[in-house]
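Reviewing the structure listed below.
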Amino acid sequence: MTQSRRTFLRSAGIAGAASAVWAPIPTQAQVSNALAGPSAADLKDRFDPWIEVKASAVVHNVSQVRSLTEQRPILAVIKNNAYGLDLITAARILEPMPEIHAFAVVKVGAAVALREAGITKPVHLMAAFPENLAADLAHLDIQPCLFTENAPRLTQIMAQAVGRPISAQVYLDTGMSRMGVPHDQALPWLEALVRDGHVRLQGAFMGFTEDPDYDREQLERFTTVSDAASERGISMGVLHAASSSAVFELPEAHLDMVRPGMALYGGYPNDPALQSEKARLQSAFSLKARVVRVQQLQAGDSVSYGRNYVAEKPTWVATVPVGHTDGYPRKAVSGGRILIGTETYPVIGAVSASHAIVEVGESPKVRVGDVATLLGSESPETDPNWLSATVGVSIYDIFMHLNPLLPRVVT
Ligand SMILES: *Cc1c(COP(=O)(O)O)cnc(C)c1O
């Protein structure tokens, strides 16, 4: 009996990331993670943390990116569990939007998971993959990026698997020294690649170092290769280079298409104070839980490991069962604030693995069972961009370190 492709991919260890359950939005918000187990209704008295994914914020951010780029088509980067939102949840929000041309991921398993979940837009894999997966990727209509020495062989296997030339993109290294064909070696490599007719180049791309002066030099290198290729009769197709940073900072890099990730989900790539003048992004997620404990400290009582905080006078404190294992940064103790009711309260003591504690003040203004918002656009101080800037944690870390096991609810 022949092994199904799905079984093959599972045994190769590359499928299986698609555990999320999806319900149509906005009719019914639903918890997406089977491991945590709650239904949406359970959230109404759940203490444990959950993540709300805001479909309307994603839609809003897409329109902001479009106006920054004179309506360029968007190759939506949804790598790394869609920046914490949950891969399939984010893909299902983005898929129906005509502004979104295609999806880009950096791991084979994520590309396969998108197809297994029924995503039909082009899926572009910005990663290397072994020859023994090439035929399966072709069958799944996953578009590879090419840059390795064995690229002619990969395209041959893929074209033979599907009985026609495959569509692919070329990854050029113009100065990151991370991935891609070095720009000064690209021409002979391109000539060898297109010689056998196994590939139609649909696009070519590069990544910026995000060093403002060097970015311009990188762009120059990119267009130089593209022009030289055209002169030799090789069309590289759609050119794209701009991630979120260049969407904001480098209009000349917007080219034929833009390739943001962070901005789509509500994170300013560099300086939120400056970049929010150019476009208003909304956090596409909120991290929430319920207050589990409220207590009055007496003068001299201390809070958490190392007795970091000692009460000087009688003071009410509250415990929220969310910690750094859930993705709330340890550094939030140095300036972070948590929203409970209509007020935000300072984080004190330490953010431990599963708990954060806030100073409520002289009166017990919060109660056990109140919803606490640790991250999200619900208040200025819980906006992830504010926390990032205030406590000195990368906005990328805040999004991408959200624990994938927490239930996601689309709201
Ligand atoms: C992550 C990534 C992007 C998106 O970057 P953001 O800063 O999140 O917009 C674009 N291109 C490549 C190659 C990437 O790895």
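Readers should treat all values here as calculations from the given coordinates under stated rules, not as data from a laboratory. Source: prediction; values computed, not measured. Reconstructed Cβ throughout: ideal geometry from the backbone, glycine too, with neighbour counts over all protein chains shown.
Each residue of the stretch 77-85 in turn: what ³J(HN,Hα) in whole Hz from Karplus with 6.51, -1.76, 1.60 and θ = phi - 60°, glycine and Pro shown as x?
After applying 6.51 cos²θ - 1.76 cosθ + 1.60, I find 7, 10, 5, 6, 6, 6, 6, x, 6 Hz.
Mind checking which of ARG92, ARG337, ARG307 has the largest fluctuation in a GNM of the chain, springs on alpha carbons under 10 Å?
ARG307
Net charge within 12 Å of VAL347 by Cβ-Cβ distance, Lys/Arg positive one each and Asp/Glu negative one each, not counting VAL347 itself?
+1
From the helices alone, meaning DSSP H stretches of at least four residues, give me the mean residue ellipticity at 222 nm for the chain, per-run term -39500 (n - 2.57), in deg cm²/dmol to the nearest 500.
The per-residue figure over the chain is -8500 deg cm²/dmol.
Give me PHE208, PHE129 ranked fewest to most by other Cβ atoms within 10 Å of their Cβ, as a rough exposure proxy. Write down the numbers at each step before the final one.
Numbers: PHE208 23, PHE129 19.
Placing the least packed residue first, the sequence is PHE129, PHE208.
For the Cα atoms of the chain, what angle does the longest principal axis make with the long axis of helix 151-162, in degrees from 0 to 90, nearest 10?
Computed tilt is about 90 degrees.
For HIS139, project a label point 7 Å along Cα to C-beta. Then give me every residue of the stretch 89-120 with its amide nitrogen under 17 Å of that point.
109, 111-118
Residue separation times 0.36 nm, minus the C-alpha to C-alpha distance between ARG293 and ASP370: what's the value?
That pair, ARG293 and ASP370, stretches by 26.7 nm at full extension.
Within 10 Å of each residue's Cβ, count the other Cβ atoms and sort TYR396, TYR309 from fewest upward.
On the way: TYR396 17, TYR309 21.
By the 10 Å Cβ count, ascending: TYR396, TYR309.
At SER230 and SER334, where each label point lies 7 Å from the Cα along Cα→Cβ, what is the point-to-point distance in nanometres?
My value for the distance between the label points is 5.0 nm.
Between rounded, prolate and oblate, where does the stretch 72-127 land on the alpha carbon gyration tensor, with a ≥ b ≥ c its root eigenvalues, rounded for a/c under 1.5, else prolate if a/b exceeds b/c?
On the way: a/c = 1.40, a/b = 1.29, b/c = 1.09.
Judged from the Cα gyration tensor, the stretch 72-127 comes out rounded (a/c under 1.5).
Would you list, by chain and number, the lysines whose Cα falls below 27 Å from the Cα of LYS313, excluding same-chain residues fewer than 8 positions away?
LYS331, LYS365
Nearest 10 degrees, 0 to 90: what angle lies between the long axis of helix 55-68 and the longest principal axis of the chain (Cα atoms)?
50 degrees
I'd like the orientation of helix 186-195 relative to the chain: the angle between its Cα long axis and the longest Cα principal axis, in ° from 0 to 90, rounded to 10.
Once rounded, the angle reads 60 degrees.
Cross-link candidates for LYS44: which lysines have Cα within less than 17 Å, leaving aside residues fewer than 8 places away along the same chain?
LYS288
Label ALA161 and MET176 with points 7 Å out from Cα along Cα→Cβ: what is the distance between them in nm?
The answer from the label model is 2.4 nm.
Restricting the count to DSSP beta bridges whose residues both fall in the chain, what percent are antiparallel, rounded to a multiple of 5? Spell out each step's value before the answer.
On the way: 29 of 57 bridges.
Antiparallel bridges: around 50 percent, rounded to the nearest 5.
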